[in-house]
1. Cα to Cα, under 26 Å, and not fewer than 8 places away if on the same chain: which lysines meet these conditions relative to Lys105?
2. So if each residue of separation counts as 0.36 nm, and I subtract the Cα-Cα distance between Glu63 and Leu169, what length gain in nm does that give?
3. In what sequence, largest accessible area first, do Ile45, Ile85 appear using a 1.4 Å probe?
4. What's the FRET efficiency of Glu32 with Ala216 using the Cβ-Cβ distance as r and R₀ = 35 Å, to the nearest 0.05?
5. Any idea what % of Cα-Cα pairs in the chain are farther than 31 Å?
6. Can you tell me the equivalent ellipsoid semi-axes for segment 45-101? Use √(5λ) from the Cα gyration tensor, largest first, whole Å.
7. Can you give the accessible area per residue of segment 15-212, in Å², using a 1.4 Å probe?
8. For Val52, tell me the accessible area in Å² from a 1.4 Å probe, rounded to the nearest 10.
Amino acid sequence: MGEGEGEGRMVSVDFGADFLVRWLEASARAVEREADRLTELDSAIGDADHGVNLKRGFTAVAELLAKEPPATPGAVLVAAGRQLISTVGGASGPLYGTLLRRAGKALGEDERVGREQLAEAFGAGVAAVSQLGGAQVGDKTMLDALVPAVEGLRSSFGAARAAAEEGALATVPLQARKGRASYLGERSIGHQDPGATSSALLFAELAETARSEGAA
Ligand code: ADP
Ligand code: MG
């Protein structure tokens with residue numbers, strides 16, 4: 001039954017380091033699968049490297065985690081974030097790296113964490129991304145998917161996934177105000193933001209990983 005009412009009491013599912021490792025491994029596979037689409041989106045309003053960038057980064061993350069799996073959920077996210085920062089050249093490397101590293105730090109040393117704690121931690125990560133890149137919701141960046149995703153995660157993994165997907169789709173009519181796409185001015189209108197699209201992918205994989213553990 002997973003999270004929610006179970007025989008009249010609340011059953012809360014919590015997650016260990018292995019859960020975060022499985023999520024990041026699934027994300028690496030998803031990024032690999034969708035790399036061409038992400039690069040295509042980036043070719044419309046950027047420099048056609050988003051899929052390539054993330055494939056390189058997440059492959060390196062999966063390799064690192066397989067070789068030296070950290071002991072706590074927080075340490076998994078910090079290690080993954082560092083790896084993204086050191087392997088991805090584009091803007092998305094430091095931004096996703098900051099998201100994961102900051103979220104990992106927020107989780108501290110806890111061996112098991114709950115969904116609400118994850119939402120809180122990703123909230124801190126998203127705030128750090130906004131601070132680093134100076135972008136807000138509506139600027140046509142990954143934040144358009146990440147901010148609603150974190151809000152959704154306070155309710156459920158499924159809500160986070162749906163909100164991220166909706167946020168990514170909502171970038172289409174926007175004019176980019178941050179990042180490379182902003183150089184295009186009005187010509188950035190009518191295209192889905194690559195970073196918001198990859199963010200939706202990551203939250204879709206989080207929901208899948210949670211579902212396979214019986215959490216909603
Ligand atoms: P680059 O733009 O350096 O080529 P990528 O192509 O890998 O890097 O990533 C582009 C994505 O990064 C954009 O689609 C956008 O979502 C995100 N991005 C760029 N600049 C910012 C920023 N200042 N704040 C948040 N996200 C940003
Ligand atoms: Mg690019």
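The values are calculated or read from the model by the stated rules, or taken from the named source; none is laboratory data. Everything numeric here is computed off the predicted structure, so don't read it as measured data. Backbone-built Cβ (ideal geometry, glycine too); neighbour counts: all protein chains shown. With ligands, DNA and RNA removed, areas are computed over all heavy atoms of the protein, side chains included. Shrake-Rupley method; radii C 1.70, N 1.55, O 1.52, S 1.80 Å.
1. Lys55, Lys67
2. 35.0 nm
3. Values: Ile45 5, Ile85 65 Å².
From most accessible down to least: Ile85, Ile45.
4. Working: r = 27 Å, r/R0 = 0.77.
According to the calculation, E is roughly 0.85.
5. Numbers: 3448 of 23220 pairs.
Here the tail beyond 31 Å accounts for 15 percent of pairs.
6. Values: eigenvalues 95, 27, 8 Å².
Taking √(5λ) for each Cα gyration eigenvalue gives 22, 12, 7 Å.
7. Working: 8450 Å² over 198 residues.
Per-residue value: 43 Å².
8. 80 Å²
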